[in-house]
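Take a look at the structure set out below.
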Amino acid sequence: MRYINLTMLLRVVIASSMKSGEKQDSSMEFQELVLKAKEIETKYRQQGKQWDAAEYMQGFVGDVGDLAKLIMAKNGFRVNENVDQKLAHELADCLWSIIIIADKLQIDLEKAFLSTMQELRARLDK
């Protein structure tokens with residue numbers, strides 16, 4: 001089974017969120033990704049889409065469903081063209097949703113992620 005390289009996913013997220021003419025930096029920090037995600041969310045609000053965390057969660061569930069279908073295609077259970085490209089896009093959509101939901105709920109996602117990884121490492125190192 002092949003896995004999607006997280007670094008490549010982040011590069012896709014970064015590249016797709018770049019303003020034209022903006023230089024791509026593959027070493028973008030997590031908080032910079034958060035700021036880019038918030039820029040897009042602000043643009044949605046400016047167009048009248050003012051969702052709360054529950055509404056973003058509903059959208060995220062739809063994205064996860066799309067992701068599940070693409071993973072099934074990747075594993076040969078469904079037919080879909082350009083699966084790797086679509087998987088990267090859908091994972092980026094899911095990442096965006098998670099970042100925005102965490103922001104709406106006032107959760108420091110970077111801190112929570114690092115803490116959770118530390119807990120998992122401690123559990124697995126036993």
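Below is a table of values for the structure above.
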{"quantity": "Length-normalised contact order for segment 38-110 - Cα pairs under 8 Å, 6+ apart - percent", "calculated": "36"}
{"quantity": "Equivalent-ellipsoid semi-axes of segment 22-126, from the Cα gyration tensor, Å, largest first", "calculated": "24, 23, 16"}
{"quantity": "Potential lengthening between residue 79 and residue 122 on full extension [0.36 nm per residue; Cα-Cα distance subtracted]", "calculated": "11.4 nm"}
{"quantity": "Cα-projected label distance for residue 111 with residue 45, points at 7 Å along beta-carbon direction, nm", "calculated": "2.1"}
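Only the coordinates and a few stated rules stand behind these numbers; no lab work does. Please read all numbers here as calculations on a predicted model, not as lab measurements. Positions of Cβ are generated from backbone atoms using ideal geometry, with glycine treated the same way; all protein chains shown enter the neighbour counts.
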